[in-house]
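*Asks:* Here it is, the structure, as structure tokens.
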Amino acid sequence: MEKFTIVQSARAIPSRVVTNDDLALFMDTSDEWISSRTGIRQRHIVDTEDTSDLAVTVAEKLLHQAGLTADQLDFILVGTMSPDTLSPSVAQIVQGKIGAHNAFAWDLSAACSGFVYTLSMASSLLSTRYERGLVIGAEVLSKLVDWEDRSTAVLFGDGAAGVLLERTTAATGLLAESLKTFGERSQFLTAGQQQNANHFAGTLKTADPYFKMDGREVYSFATREVPNVLNEALAKADLTPDDIDVYLLHQANGRIISSIAKRFGQPIEKFQMNMASYGNTSAASIGILLDELREAGTVHAGQTIAIAGFGGGLTVGALIIKV
Ligand code: ACO
């Protein structure tokens with residue numbers, strides 16, 4: 001077991017709400033189509049904020065809630081696929097803005113598995129060398145969306161959330177994990193291609209900065225591979241699906257989550273969902289859900305939880321955590 005404790009959680013959600021009906025005003029879609037296929041009813045979209053603004057708010061809330069100062073942090077890790085810039089990373093902007101003078105910081109890019117992969121990395125750091133760090137998932141996906149492509153524009157939202165983690169001697173932390181990457185299937189979900197307009201380039205191929213997704217491929221990938229990694233992680237922890245109190249899955253699509261709950265023979269109440277309010281916020285989704293559930297008391301000390309992400313890469317991963 002890699003021992004750590006989740007000291008605090010926090011989220012930062014842009015104030016502007018965009019409902020399915022709002023989208024139907026300028027795109028050929030409907031609330032019925034979107035909500036019946038995905039469970040999404042609205043999403044939050046930024047006005048002027050960028051990804052680091054949301055991540056800084058999360059970091060400040062975490063420190064304030066814990067009564068800590070920024071110089072008490074050893075590291076800041078951010079999972080994101082929509083950084084403000086390639087350099088500095090979002091984590092480095094956060095480190096500078098909050099004045100975390102003793103912390104190193106970097107971003108991890110694993111699309112919708114970003115929170116799971118980043119939490120796994122933080123668990124290793126805490127179990128070997130460091131005392132305290134932040135894990136944040138932050139996304140402004142609205143800048144990667146082609147607002148003329150209804151097949152993807154209706155799915156995504158903006159937001160950020162994170163946790164403050166500390167090394168502990170208590171019996172809490174990571175019991176087991178399974179992380180997998182399928183780069184050979186990367187073409188099924190891409191975003192953020194950049195143009196190389198170098199002096200020597202011949203005929204330039206126009207870069208496509210926007211989301212391109214084969215929804216059916218990603219759907220079948222998720223319903224096949226998420227159960228696989230959950231089963232592997234459970235087996236490593238010597239647990240069965242019944243031993244998990246709450247499952248927190250990446251909030252892309254309610255139908256994906258319902259099908260996984262059924263496959264595990266688990267009551268749907270154990271698989272909490274909030275995509276109706278936020279849409280798919282990629283690396284932020286599990287953190288937002290975790291913070292809401294901690295706030296509501298649905299996730300609390302003493303429980304065993306499973307978290308699982310899936311998405312671009314293609315990537316998938318599951319962690320079993322004693323909280
Ligand atoms: N409104 C109305 N009609 C639409 C819309 C829309 N927003 N989008 C597509 N349609 C139409 C299509 O044009 C198509 O019409 P046609 O039959 O006349 O050609 C029809 O609806 C069906 O389209 P499909 O794409 O086949 O719809 P599907 O039932 O597969 O649902 C969806 C699409 C919801 C995207 C589903 O495939 C899905 O959820 N896939 C998984 C996506 C996912 O989980 N991604 C997570 C990873 S994201 C990340 O990593 C960042």
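*Asks:* What ³J(HN,Hα) values, in whole Hz, does the Karplus curve 6.51 cos²θ - 1.76 cosθ + 1.60 give for the stretch 173-184 when θ = phi - 60°, with x put for Gly and Pro?
*Replies:* In residue order, the calculated couplings are x, 7, 7, 6, 8, 9, 10, 9, 10, 10, x, 5 Hz.
*Asks:* Can you give the calculated 222 nm mean residue ellipticity of the chain, where each DSSP H run of n ≥ 4 adds -39,500 (n - 2.57) and the sum is split over every residue, rounded to the nearest 500 deg cm²/dmol?
*Replies:* Computed ellipticity for the chain at 222 nm equals -9500 deg cm²/dmol.
*Asks:* Next question. Could you pull the Rg and Dmax for the stretch 174-322, using just the Cα atoms, both in Å?
*Replies:* 17.8, 61
*Asks:* Give a quick list of trypsin sites (Lys or Arg not before Pro) in the stretch 199-299 that DSSP marks as loop, anything other than H, G, I, E or B, with at most 16 other Cβ atoms within 10 Å.
*Replies:* Answer by residue number: K205.
*Asks:* For the chain, what is the convex hull (Cα atoms) projected area averaged across all directions, in square nanometres?
*Replies:* Projected area, direction-averaged: 17.1 nm².
*Asks:* Also, quick follow-up: Within 10 Å of each residue's Cβ, count the other Cβ atoms and sort L63, L239, L189, L86 from fewest upward.
*Replies:* So the residues, fewest neighbours to most, are L86, L239, L63, L189.
*Asks:* Where does each of T51, T172, T128 land when they are ranked from fewest to most other beta-carbon atoms within 10 angstrom?
*Replies:* Sorted ascending by nearby Cβ count, the order is T128, T172, T51.
*Asks:* Check which residues have an amide H placed less than 5 Å from M81's amide H, if you skip close sequence neighbours.
*Replies:* Result for M81 returns A283.
*Asks:* Sort 147-153, 89-95 by the packing proxy (mean of other Cβ within 10 Å over each peptide's residues), most packed first.
*Replies:* Answer by packing, highest mean first, reads 89-95, 147-153.
*Asks:* Given the options S30, Q42, F4, identify the residue whose Cα lies farthest towards the positive end of the charge dipole of the stretch 2-171 (+1 on Cβ of Lys, Arg; -1 on Cβ of Asp, Glu).
*Replies:* The one lying farthest along the dipole's positive direction is F4.
*Asks:* So what are the ³J(HN,Hα) numbers for the stretch 234-242, from phi and the Karplus equation (6.51, -1.76, 1.60; θ = phi - 60°), rounded to whole Hz, Gly and Pro as x?
*Replies:* Listing the rounded values in order: 4, 5, 4, 7, 6, 10, 10, x, 5 Hz.
*Asks:* Where does the charge balance sit around T38 when Lys and Arg score +1, Asp and Glu -1, over other residues with C-beta under 12 Å from its C-beta?
*Replies:* Cβ neighbours under 12 Å give a net charge of +2.
*Asks:* Same structure again: Take the alpha carbon atoms of the stretch 65-142, find their radius of gyration, then divide it by 2.2 N^0.38 Å using N residues; give the quotient.
*Replies:* It is 1.06.
*Asks:* While we're here: Please state the charge dipole magnitude for the chain, taken about the Cα centre, from unit charges on C-beta atoms (+1 on K and R, -1 on D and E), reported in debye and rounded to the nearest 20.
*Replies:* Roughly 580 debye, rounded to the nearest 20.
*Asks:* I've got another one for you. Amide H to amide H, which residues 5 or more places from D208 or on other chains are under 5 Å from it, using H placed in the peptide plane?
*Replies:* Under 5 Å from the amide H of D208: Q193.
*Asks:* Principal axes first, then extents: for the Cα atoms of the stretch 2-171, list largest minus smallest coordinate on each axis, whole Å, largest first.
*Replies:* So the three principal-axis extents are 54, 32, 26 Å.
*Asks:* Compute the distance from the alpha-carbon center of the stretch 230-283 to that of the stretch 295-323, in whole Å.
*Replies:* The stretch 230-283 and the stretch 295-323 have Cα centres spaced 8 Å from each other.
*Asks:* How about K322: which lysines have a C-alpha closer than 27 Å to its C-alpha, ignoring those fewer than 8 places off in the same chain?
*Replies:* In chain and number order, the partners are K3, K61, K180, K236, K262, K270.
*Asks:* Here's another thing I want to ask about it. How far apart, in nm, are two points set 7 Å out from the Cα along the Cα-to-Cβ line at S151 and at W33?
*Replies:* Distance between the two pseudo-spin positions: 1.2 nm.
Read the figures in this text as sums done on the coordinates, not as results from a lab. Only a predicted model underlies this, so the values are computations on that prediction, with no experimental measurement involved. A quick note on method: Cβ atoms are made from the backbone with ideal geometry, for glycine too, and the neighbour counts reach across all protein chains shown.
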